[in-house]
Amino acid sequence: MCGIVGYSGPITVSNKPLEVCLQGLSRLEYRGYDSAGVACVGPHMDQVALDKKAGRLSVLEEDLKLHPLPEAQVCIGHTRWATNGEPNDTNAHPHLSKDHKIAIIHNGIIENAVRLKFELQSEGYSFTSQTDSEVAAKLLGRIANVIIEETGKPNLFEAMRRLGKMLDGTFAILAVDVRQPDVVCAIRRDEPLVLGLGDKETFLASDVTAFISYTKHALEIGQDNAVMVQGDTIVVTDFDGNKVTPKEFTVDWDASAVEKSGWDSFMKKEIHEDPAAVRETLMSRFDLDGNIKLDEVHIDEKLFKTIDRIVIIGCGTASYAGQVAKYAIEHWVRIPVEVILSHEFRYSDPILTPQTLVVAISQSGETMDTLMAIRHAREQQATVLSICNTQGSSIPRESDAVLYTHAGPEIAVASTKAFVAQITAEYLLGLYLAQVKGTLFHDEINGILSSLRAIPEKIDWILKHDSESIQDVAQKLVSQQTFLFLGRNVGYPVALEGALKLKEIAYTFTQGCAAGELKHGPIALIEENVPVIVIVPSACDRNVLHSKVISNIEEVKARGAYTIAIAEEADPDVERYADVIFWRPQCPTLVSPLVDVVPLQLFALYMAEAKQLDVDKPRNLAKSVTVE
Ligand code: F6R
């Protein structure tokens, strides 16, 4: 959701704190983009200097050119995805204390804000915004003044700790105070916060993308921790003031990964990184004999042997990656795999035992629904393994073990390369389980691994051969209002994913459905020229499945549908019935989702481009959904 960034540098004042924060915000804008703001503090300031504007970051940047802020020693910045109060200048962050000596930015939801506001109002405080965050700002101002009365000097760090204890809900809050002009303080609960370690300077942010051009060395800030940063001095404590040693990590990608590098959009760039995402996720996970080694996971092989059921949790695209893996893992390991949406998991009272492996899938590692589901699973004694793309994020930290996908940072709001990386990681896990449980022979595992290793080249083939025709079809269909996506078996979750991509970035009504379900209802939607996109399985590998899907194409065609097939090269049956075909190279059915999804990602991209929409930042969405 919201993105937060902060900077504390050397003692001298300069424009750098503001520059760092604006650059950080431009990198974090994918987290929310309905308003943005910054606050600066330097010596001899009586009140915090700030600017904030509704709209994209560019609106704020234009305003800062007209009304420059003074040079400063520290700065904090915020890009918002509104939860409390509509997106306007007043509700934008930072928010100020009553005396304007303190400013805060906040990501999260303060659940007891109404009661706290009422108490402050009864003491004469007034509020200008509709946000819960302003309540935290006013309360922090009051606590800071009490501390000055008690001790005779300002102590923002202690004030933040006291604030942390008083707030219910979720928060990552950064604060600055004109009475300590070289200090930035932070508190966090259930919202992301990492620190970047620079040379005589420290960066604070929702994720490392904000400061990756300055440093790759970072600290994970733990749950209910408070931080004081002054240049390169960092103190971390719990809310009672006990010192805490945060975990250090080094980011394994560079700044170029978060640049568009000549592409029109991050989404286009990231689709073209699908092959690398699969390749990198497969890399370094084998011993010299070709056996799968998941040492990094740190779960005893003996425990893996006892696992008798898997529950996969995730949201949106991540849950569809889970649905794909269900087919493969059940087939290879012969244990039941259930896929549950994270936000339904807790409330469905799931049956979990110590022999249940819960696999939590998340690109961002911060999806609150998934985080809450993990906590519930661990309370019920299940083992939780997360599949995650983001180092230093909350989900791997709160899991028993983690298997990282190596897709590199995903910036476009619509997930693409993370999907193929997630399937690859789940397949590695499934094959590893088959290896330790002995449900597949060594050569069978090797055969599947060879098909997986061949995938990047096949995706490259699609990107090279299909892009132009997909773009032409998208342009032709740009004014269509409804799209139906059909698939069977592993093609079904791919259909769901294709439908989600088109819906979220091209604002087209889409329905993804199991092809067999068509005649039980959705076929009523078919009329003349309604486009139906069908994922056709390989005729060689799964003949029965293939002929059933061909029948489905005939059924919709007979009712006037315009049919688009994603099919294996030189499939004569498809040629007979489909109006348009996006070919893909041959591959076994179970690994085909890794290639079948690519034309669908491109189709959504080209539809959104044809409609002249911002493909990277679709309306109402944010990349990382850190509220429930
Ligand atoms: C769709 C999309 C979302 C995410 C979902 C989970 O393109 O990006 O559906 O897949 O919000 O996010 P993560 O994987 O970060 O937990």
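The values are calculated or read from the model by the stated rules, or taken from the named source; none is laboratory data. All values reported here derive from a predicted model rather than from experimental measurement. Cβ atoms come from the backbone with ideal geometry, glycine included; neighbour counts cover every protein chain shown. Keep in mind that these areas ignore ligands, DNA and RNA; they rest on the heavy atoms of the full protein, side chains included. Shrake-Rupley method; radii C 1.70, N 1.55, O 1.52, S 1.80 Å.
Within the stretch 499-532, restricting attention to residues that are open to solvent by less than 20 Å² (accessible area, probe 1.4 Å), outside any strand (DSSP E or B) and farther than 22 Å from Ser547 by Cα, the residue that is farthest from the ligand (Cβ to nearest atom) is Val530.
Among the hydroxyl-bearing types (Ser, Thr, Tyr), without any contact (Cβ under 8 Å) to a residue 40 or more places away in the chain and part of a helix (DSSP H, G or I), is that true of Ser450? It is true that Ser450 is among the hydroxyl-bearing types (Ser, Thr, Tyr), without any contact (Cβ under 8 Å) to a residue 40 or more places away in the chain and part of a helix (DSSP H, G or I). Do you know which residues across the stretch 440-470 are open to solvent by less than 60 Å² (accessible area, probe 1.4 Å) and more than 21 Å from Glu609 (Cβ to Cβ)? Those that are open to solvent by less than 60 Å² (accessible area, probe 1.4 Å) and more than 21 Å from Glu609 (Cβ to Cβ): Leu440, Ile445, Asn446, Gly447, Ile448, Leu449, Ser451, Leu452, Ala454, Ile455, Pro456, Lys458.
For (1) within 14 Å of the ligand (Cβ to nearest atom); (2) open to solvent by 10 Å² or more (accessible area, probe 1.4 Å); (3) assigned by TED's automatic domain parsing to the domain that holds Met283; (4) in a helix (DSSP H, G or I), each residue gets a yes or a no:
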| residue | (1), (2), (3), (4) |
| --- | --- |
| Leu357 | no, no, yes, no |
| Ala360 | yes, no, yes, no |
| Ser364 | yes, yes, yes, no |
| Ala373 | yes, no, yes, yes |
| His376 | no, yes, yes, yes |
| Leu385 | no, no, yes, no |
| Thr390 | yes, yes, yes, no |
| Pro396 | yes, yes, yes, yes |
| Val402 | yes, yes, yes, no |
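Remark: pairs (first residue in the stretch 255-266, more than 25 Å from Ala610 (Cβ to Cβ); second residue of a type in the set (Val, Ile, Thr); Cβ separation under 7 Å; 6+ apart in sequence or on different chains) = Ala255/Ile212; Val258/Thr209; Val258/Ile212; Val258/Ile411. Residues in the stretch 486-498 that are surrounded by fewer than 24 Cβ atoms within 10 Å (Cβ to Cβ) and within 11 Å of the ligand (Cβ to nearest atom): Leu496 only. Looking only at residues in the stretch 338-355 that are outside any helix (DSSP H, G or I) and touching a strand residue (DSSP E or B) at 6+ places or on another chain (Cβ under 6 Å), the one that is farthest from Lys216 (Cα to Cα) is Glu338.
One line per residue, one yes/no per condition, for (1) modelled with pLDDT of 95 or more; (2) of a type outside the set (Val, Ile, Thr):
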site: Ala558; (1), (2): no, yes
site: Pro572; (1), (2): no, yes
site: Phe582; (1), (2): yes, yes
site: Val591; (1), (2): yes, no
site: Val597; (1), (2): yes, no
site: Tyr606; (1), (2): yes, yes
site: Ala610; (1), (2): yes, yes
site: Val627; (1), (2): no, no
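Of the strands (runs of 3 or more DSSP E) contained entirely in the stretch 91-190, not one carries at least 2 residues that are surrounded by fewer than 21 Cβ atoms within 10 Å (Cβ to Cβ), outside the structural domain of Gln230 (by TED's automatic domain parsing) and in contact with a Pro (Cβ under 8 Å, 6 or more places away or on another chain). What are the residue pairs meeting all of these: first residue in the stretch 104-119, first residue over 22 Å from Asp177 (Cβ atoms), second residue modelled with pLDDT of 95 or more and part of a loop (DSSP other than H, G, I, E, B), Cβ atoms under 7 Å, and 6 or more apart or on different chains? Correct list of pairs: Glu111/Asp168; Asn112/Leu167; Asn112/Asp168. In this structure, is Lys260 under 23 Å from Tyr7 (Cβ atoms) and in a loop (DSSP other than H, G, I, E, B)? No; evaluated as a whole, the condition is false for this residue. Pairs linking a residue in the stretch 487-504 that is at pLDDT 95 or above to a residue that is of a type in the set (Asp, Glu) and assigned to a helix (DSSP H, G or I), with Cβ atoms under 7 Å and 6 or more positions apart or on different chains, are Gly491/Asp596; Val494/Asp596.
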